Amino acid sequence: MAVVAENVRRVLSEVPDYVEVVAAAKARAAEDVLQAVDAGIRVIGENYIRDTRVAQSLVGQRAQWHFIGRLREHDVRLATLDLFDLIQSVSSMSLAQRIDEKCGAVGRRMPVLVEVNSGREPQKAGVLPEAAEDLVRQIASLDNVQVLGLMTMGPLGPSPSLYRPCFANTRQLFSHIETLSIPRVAMRHLSMGTSDTYRVAIEEGANMVRIGSGLFGPR
Ligand SMILES: *Cc1c(COP(=O)(O)O)cnc(C)c1O
């Protein structure tokens, strides 16, 4: 039974063509990740470095690899950065500076998204919405890191009335930053929504969603 493939095909047929479905692969078997890619997934989202290595040994460069987890500064090493095409979870200048330093040493430029704590939740990662523009401007001054958009988790809960406004606000922030035309910033990706929230996120303007259990089954 190719359950993962079936889920992937259903979700891909359900979302508009302009929406990139990122398969959030944390704690999944590499075989399942491969199945998702075979069924049409083009971007894998990883939270853990070790998982990433295992999955990449099977899937290789048939997909793009995005880091979506909590990145600690001491994790930002070249060997780690080498695994990823884009880092979705940059939420401080010191983290961006460290990425810049490491990438500069090998002449690489790392695309990143700035993670916004749109629900203002103390336990969640991300920069507060009112600080996001400033952080984007600061990161734009770095030679080897390029901002390509925003990412947010948003609060989880039974009712869309909890997370819809957070997605709507992040979309507004995204559009606002876009109108500033900050040199070297390209507001291309708005990554919002998970298995339980991606439909609402798309309604509110997401063009990238990160789906784990909705593709791979419950964890
Ligand atoms: C796990 C995770 C997801 C996917 O969550 P699901 O509820 O499994 O769809 C999305 N984004 C991030 C940052 C995650 O850690």
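The values are calculated or read from the model by the stated rules, or taken from the named source; none is laboratory data. Since the model is a prediction, treat every value here as computed from it, not as a measurement. As a convention, Cβ positions derive from the backbone with ideal geometry for all residues, glycine included, and neighbour counts pool all protein chains shown. All accessible areas refer to the heavy atoms of the entire protein, side chains included, with ligands and DNA or RNA removed. Shrake-Rupley method; radii C 1.70, N 1.55, O 1.52, S 1.80 Å.
Compute the accessible area per residue over the stretch 2-216, keeping the other protein chains in place, probe 1.4 Å, unit Å².
Solvent-accessible surface per residue comes out at 45 Å².
Report the extension gain between Gln123 and Gln172 in nm, rounded to one decimal, defined as 0.36 nm multiplied by the number of residues separating them, less their alpha carbon distance.
Full-extension gain reported as 15.3 nm.
Report Rg/Rh for the chain, rounded to two decimals, where Rg is the Cα radius of gyration and Rh the Kirkwood radius. Don't skip to the answer; put the middle values down first.
Working: Rg = 16.5 Å, Rh = 17.4 Å.
Reported Rg/Rh, Kirkwood definition of Rh: 0.95.
So what's the net charge close to Ala5: Lys and Arg +1, Asp and Glu -1, counting the other residues with Cβ under 12 Å from its Cβ? Working shown, then result.
On the way: positive: Arg9, Arg10; negative: Glu6, Glu31, Asp32, Asp38.
Charge balance near Ala5 sits at -2.
Which of Leu86, Ala206, Leu34 sits closest to the plus end of the dipole of the chain, meaning its Cα is farthest towards the positive end, when Lys and Arg get +1 and Asp and Glu get -1 on the C-beta?
It is Leu34.
Distance from the Cα centre of the stretch 18-40 to that of the stretch 153-214, in angstrom?
20
Which whole-number percent gives the relative contact order of the chain, counting Cα pairs below 8 Å spaced six or more residues apart?
Averaging sequence separation for qualifying contacts and normalising by length gives 19 percent for the chain.
Once every DSSP H run of n ≥ 4 in the chain is given -39500 (n - 2.57) and the sum is divided by its residues, what mean residue ellipticity at 222 nm do you get, rounded to the nearest 500 deg cm²/dmol? Mind showing how you got there, number by number?
On the way: 9 runs with 91 residues, N = 219.
So the helix-based figure for the chain works out to -12000 deg cm²/dmol.
All other residues with a Cβ under 15 Å from the Cβ of Ile211 taken together, and with Lys, Arg as +1 and Asp, Glu as -1, what is their net charge?
Residues near Ile211 contribute +2 overall.
Using the Cα centre as the reference, give the magnitude of the dipole from point charges on the C-beta atoms of the chain (Lys, Arg: +1; Asp, Glu: -1; all else neutral), rounded to the nearest 20 debye.
Roughly 280 debye for the chain.
What FRET efficiency would be calculated for the residue pair Leu78, Ala186, taking the C-beta separation as r and a Förster radius of 22 Å, to the nearest 0.05?
After rounding to 0.05, the efficiency reads 0.35.
Per-residue HN-Hα couplings for the stretch 2-10, Karplus 6.51 cos²θ - 1.76 cosθ + 1.60 at θ = phi - 60°, whole Hz, x for Gly and Pro?
Running phi through 6.51 cos²θ - 1.76 cosθ + 1.60 with θ = phi - 60° gives 8, 5, 4, 4, 4, 4, 4, 4, 5 Hz.
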